[in-house]
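Data first, discussion second: the structure below is written as structure tokens.
The values are calculated or read from the model by the stated rules, or taken from the named source; none is laboratory data. What you see is a predicted model; the values in this text were computed from it and never measured. When we count neighbours, we look across all protein chains shown, and the Cβ atoms used for this are built from the backbone with ideal geometry, even at glycine.
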Amino acid sequence: MPGAIHAEGLVKTYGQLRALDGIDLTVPEGSVLGLLGPNGAGKTTTVRVLTTLVRPDAGTATVAGHDVVRAPDRVRRSIGLSGQFAAVDDRLTGRENLRMIGELYGLRARPARQRADELLTQFDLTSSADRSSGTYSGGMRRRLDLACALVVRPSVMFLDEPSVGLDPTSRLMLWDAIDRLVGAGTTLLLTTQYLEEADRLAQDIAVVDHGRIIAQGTPHELKTQTSRQQVEVIVERGEQIDGTASLLSRFSLRPPEVDRTRSLVSAPVDGGVSLLTEVIGALAGAGIEISDISLRRPTLDEVFVALTDPALAGRSEHAMVSAGASSEKG
């Protein structure tokens, strides 16, 4: 059975611009897919096609079992959508916004009031429910917008850049709300520029670039496939940095990187904890004093750069290695 969201070969062009160039993706029921990519990669266009706001030029897609082209009304009745900017009426209170959405969806006055009260409690907006939403903070408006998208309990939810512009506290509150949403069984597709957000919320990640899916997998799988682990050593005595870099070069896959300001030497390795034990032994045998040593997996930010801009990743790596070499010569 196809997933709650299923797309094959989606194409969308705007004049000479090919915004989507054969998008394929499947999101199983009750799961979260994070759609990542640089600006203009095709993330928002994908969401607009799947939510029936834009008709594809080619390919097929179903959402909640309904074809986005042949049955757009059924798709719309099955989904919730929260776009990049909170779509709430500033002249209405939070409670009035929610009631209005319920009534637009065909709820009678009493069920609309009850659902509004439930969502105000769920999104921690009760104390501000009767204030004009125009007075809300950015985080409150974002939570109200998400609540509005949930009035009819959609089986599939689309969040396009859900936490853009939010402060860290508001972002965490929004993430908690999304966790509760997914815990209740809703399928979620979210686009985001925050790599930490995708790592935190998504079980599966698809990376989009130039209108195509260029990589897909769990955060762990993407980190494993696109980059190596790093051994990072903080040296106790600055004069031992060069010796540490020389020693690490025996274990690393490329020349170690040196950060003299932090007395840090790092190197990509392939060997896990057993290799770390060897490195510790070699450092001790060489009389090198260290204040810290760790084995670090690549961050999702590093994976993102490696996938979408390999030239930038290569330039950054070369610059760090060259800086270390130049410092050693000096």
Tell me whether the range 123-137 contains one or more residues that are touching a strand residue (DSSP E or B) at 6+ places or on another chain (Cβ under 8 Å), outside any strand (DSSP E or B) and closer than 24 Å to Glu196 by Cβ.
no
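In the range 261-315, what count of residues is obtained for those that are part of a helix (DSSP H, G or I) and modelled with pLDDT under 80?
Initial filter on the range 261-315 (part of a helix (DSSP H, G or I)): 272-285, 300-308, 310-315.
Cutting the leftovers down to modelled with pLDDT under 80 gives us 272-273, 300-308, 310-315.
Result for the range 261-315: 17.
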Looking at Gly30, Gly3, Gly42, which is the one that is among the small types (Gly, Ala, Ser), surrounded by 22 or more Cβ atoms within 10 Å (Cβ to Cβ) and in contact (Cβ under 8 Å) with a residue 60 or more places away in the chain?
Gly42
Checked the range 158-192 for anything surrounded by fewer than 22 Cβ atoms within 10 Å (Cβ to Cβ) and in a strand (DSSP E or B); matches are Asp160
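Sort through Gln114, Gln122 and tell me the only one that's over 30 Å from the mean Cα position of the chain (by Cα) and assigned by TED's automatic domain parsing to the domain that holds Gly80. Let's see the steps before the verdict.
Details: Gln122 fails: over 30 Å from the mean Cα position of the chain (by Cα).
One residue alone meets the criteria, Gln114.
Being closer than 19 Å to Thr187 by Cβ and touching a Phe, Trp or Tyr at 6+ places or on another chain (Cβ under 7 Å) is true for just one of Thr60, Thr46, Thr51. Which residue is that? Full working, then the answer.
Values: Thr60 fails: touching a Phe, Trp or Tyr at 6+ places or on another chain (Cβ under 7 Å); Thr46 fails: touching a Phe, Trp or Tyr at 6+ places or on another chain (Cβ under 7 Å).
Thr51 is the lone residue from the list that is closer than 19 Å to Thr187 by Cβ and touching a Phe, Trp or Tyr at 6+ places or on another chain (Cβ under 7 Å).
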Consider Arg153 against the criteria (1) outside any helix (DSSP H, G or I); (2) among the charged types (D, E, K, R); (3) over 30 Å from Val27 (Cα atoms): it satisfies all of them except one. Which criterion is unmet?
(3)
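Quick one: which residue in Val269, Val279 is among the β-branched types (Val, Ile, Thr), within 30 Å of Ala206 (Cα to Cα) and surrounded by 15 or more Cβ atoms within 10 Å (Cβ to Cβ)? Steps first, please.
Working: Val279 fails: within 30 Å of Ala206 (Cα to Cα).
None of the others qualify; the one that does is Val269.
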Any residue in the range 245-253 that is assigned to a strand (DSSP E or B), surrounded by 19 or more Cβ atoms within 10 Å (Cβ to Cβ) and at pLDDT 85 or above?
no
For Gly138: the one exception among (1) at pLDDT below 90; (2) surrounded by 15 or more Cβ atoms within 10 Å (Cβ to Cβ):
(2)
So Gly22 passes all but one of these: (1) farther than 24 Å from Glu221 by Cα; (2) at pLDDT 90 or above. Which condition number does it fail?
(1)
Out of all the residues in the range 77-89, is one or more touching a Leu at 6+ places or on another chain (Cβ under 8 Å), at pLDDT 95 or above and outside any strand (DSSP E or B)?
no
Answer yes if at least one residue in the range 194-217 is in a strand (DSSP E or B) and closer than 30 Å to Ser263 by Cβ, and no otherwise.
no
Given the conditions (1) over 28 Å from Pro38 (Cβ atoms); (2) more than 24 Å from the chain's Cα centre (by Cα), which single one is not true for Ser78?
(2)
Single match in Ser163, Ser128 (criterion: without any contact (Cβ under 8 Å) to a residue 60 or more places away in the chain and over 30 Å from His6 (Cα atoms))
Ser128
Go through (1) surrounded by fewer than 19 Cβ atoms within 10 Å (Cβ to Cβ); (2) at pLDDT 90 or above; (3) under 30 Å from Glu196 (Cβ atoms) for Asp67 and report which single condition fails.
(3)
Restricting the range 193-206 to residues that are surrounded by 19 or more Cβ atoms within 10 Å (Cβ to Cβ) and at pLDDT 90 or above, the residue that is nearest to Leu120 (Cα to Cα)
Leu201
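A quick yes/no check of all residues on (1) more than 12 Å from the chain's Cα centre (by Cα); (2) farther than 29 Å from Ile23 by Cα:
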| site | (1), (2) |
| --- | --- |
| Leu181 | yes, no |
| Thr192 | no, no |
| Arg200 | no, no |
| Glu236 | yes, yes |
Within the range 6-36, how many residues turn out to be closer than 14 Å to Ile205 by Cβ and of a type in the set (Val, Ile, Thr)?
3
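Applying the selection to the range 21-72, what residues are part of a loop (DSSP other than H, G, I, E, B), out of contact with any helix residue (DSSP H, G or I) (no Cβ under 6 Å at 6 or more places or on another chain) and at negative phi? Give the derivation first.
Here is the first cut: in the range 21-72, the ones part of a loop (DSSP other than H, G, I, E, B) are 28-31, 37-42, 51-57, 64-65, 68-71.
Next cut, out of contact with any helix residue (DSSP H, G or I) (no Cβ under 6 Å at 6 or more places or on another chain) only: 28-31, 39-42, 51, 53, 55, 57, 65, 69-71.
If the condition is that a residue be part of a loop (DSSP other than H, G, I, E, B), out of contact with any helix residue (DSSP H, G or I) (no Cβ under 6 Å at 6 or more places or on another chain) and at negative phi, then Pro28, Glu29, Ser31, Asn39, Ala41, Thr51, Leu53, Arg55, Asp57, Val69, Arg70, Ala71 are the ones that fit.
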